[in-house]
Amino acid sequence: MASRPTEIRLALTPGSRFDAIDVTQRLREDFGDVLRSHPRFLYSSLHTTAGYIEHGLATRLLHHRDRLSQFFSAFGAVFPANAPYRHDEMDQRSELSEEQRLVEPKNGDSHLTFIGAGMRNCVTYPSHDAAPVYFIDLDGVNEGTKRRRLTDILGYDLETNVDRRIFSIPVSRHSIDSVNLADPGLGLLEAADDMIARSGIEKGRIDIALLATERNVGLTVNEYETLLMQHDLTEVLKDPLRYAALKGRHALDDPLALPGKAHDYATYDMVRVINTLLEALKVDESVVERLVAKAMAVPARRFLRRRRVSFLASDQAHEGRARLVRGTYQSPILVQWQAAESRTRQVELTLTRLS
């Protein structure tokens, strides 16, 4: 007989700007043998610059902290800190008050790394292999102050699909475009809440997935901030080496280099980046050239391969019904890099009961 799900919220304090915190170790220290109580655990982050990687990628990295650090250092070369991200131009952030501009972190690189590295706000890991599960923080220390992070962990035994709905999402005629799926005008998240309420579930998961027929489009979860989405991400999709070129460390080694050579330095850096990824993932070196070619030919596909995003649904407020759980700045976002003929994209909402 299945036991009731077990839900835990942990507060985490990163020790550095990039940090990988072993959440399973914290669970054992604070809650004993809780990981043995269920075969699967869902891990949910409430942040846009800190979260998890999927179980398959973690397995390829051998669930090893040094491999994780190596993997993310490669993306740090593509999205260097303190590059000229529009997101970090605080005087242009009209949604912020004067007080907020003084404390808002300049972390455009962390947002783009979260998206580009395929990080997830919500993942599921089996508990039987006893491998560590890392909460990965890309922006854990701001101006010397350690940030407070929250993550929810839900242990469960069974998954049961209880409802599905298909939505048509209007998109523009522009080849590269992003849509905030949390926009109330679309009604998507409101429909998710309605599905949860009608089902009467206490614990569950909402999946937002592109239909199989959709092409040249991906999904992510992040902050839908105009400068980040309409400028920084758009520039990355057009040219994945843009910020590496503007902040190229090899160009700094040669102060007499013409500005026009910056992209050549960045291209050389990209080869080093991919070599770093290959070493972390233990991929055969013979595929380096093919990977470089793919990265240059179809940058959007390399950075936006996710076709499904998920959110925890839980009765955390003990109101007798579950609600969608998401952080203050978290939005599901649809990004296309080729215009859709119908000017719409089809996505499916699925509600799964976790028991």
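The values are calculated or read from the model by the stated rules, or taken from the named source; none is laboratory data. Nothing here was measured: the structure is a model prediction, and the numbers come from that model. Note that we place each Cβ from the backbone using ideal geometry, even for glycine, and neighbour counts take in every protein chain shown.
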Of the residues that make up the range 99-114, is at least one crowded, with 16+ Cβ neighbours inside 10 Å, at pLDDT below 90 and hydrophobic (A, V, I, L, M, F, W, C)? no
Condition test on Asp183, is it more than 16 Å from the chain's Cα centre (by Cα) and among the charged types (D, E, K, R)? yes
Here are some conditions: (1) on the phi < 0 side of the Ramachandran plot; (2) in contact with a Phe, Trp or Tyr (Cβ under 9 Å, 6 or more places away or on another chain); (3) assigned to a loop (DSSP other than H, G, I, E, B). Ser69 meets all but one. Which one does it not meet? (3)
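Matching residues to (1) closer than 30 Å to Arg28 by Cα; (2) out of contact with any strand residue (DSSP E or B) (no Cβ under 6 Å at 6 or more places or on another chain):
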site: Tyr156; (1), (2): yes, no
site: Glu159; (1), (2): yes, no
site: Asp163; (1), (2): no, no
site: Phe167; (1), (2): no, no
site: Asp183; (1), (2): no, yes
site: Leu189; (1), (2): no, yes
site: Met195; (1), (2): no, no
site: Ser199; (1), (2): no, no
Regarding Asp139, is this residue within 17 Å of the chain's Cα centre (by Cα), surrounded by 16 or more Cβ atoms within 10 Å (Cβ to Cβ), of a type in the set (D, E, K, R) and assigned to a strand (DSSP E or B)? no
Positions within the range 115-132 being more than 23 Å from Arg353 (Cβ to Cβ) and assigned to a loop (DSSP other than H, G, I, E, B), in sequence order: Ala117, Gly118, Met119, Asp129, Ala130, Ala131, Pro132
Residue under question is Pro126, and the condition is that it be touching a residue at least 12 places away in the same chain (Cβ under 8 Å), within 28 Å of Ile208 (Cα to Cα) and surrounded by fewer than 21 Cβ atoms within 10 Å (Cβ to Cβ); does it hold? yes
Residue set Asp194, Asp232, Asp207; condition touching a residue at least 24 places away in the same chain (Cβ under 8 Å) and part of a helix (DSSP H, G or I); output residue Asp232
Determine, yes or no, whether Phe135 is farther than 27 Å from His64 by Cβ and aromatic (Phe, Trp, Tyr). no
How many residues does the range 11-57 contain that are free of Cβ contacts under 8 Å to residues at least 60 places away in the same chain and among the charged types (D, E, K, R)? 5
So Glu54, is it more than 20 Å from Phe18 (Cα to Cα) and either surrounded by fewer than 22 Cβ atoms within 10 Å (Cβ to Cβ) or at pLDDT 95 or above (or both): no
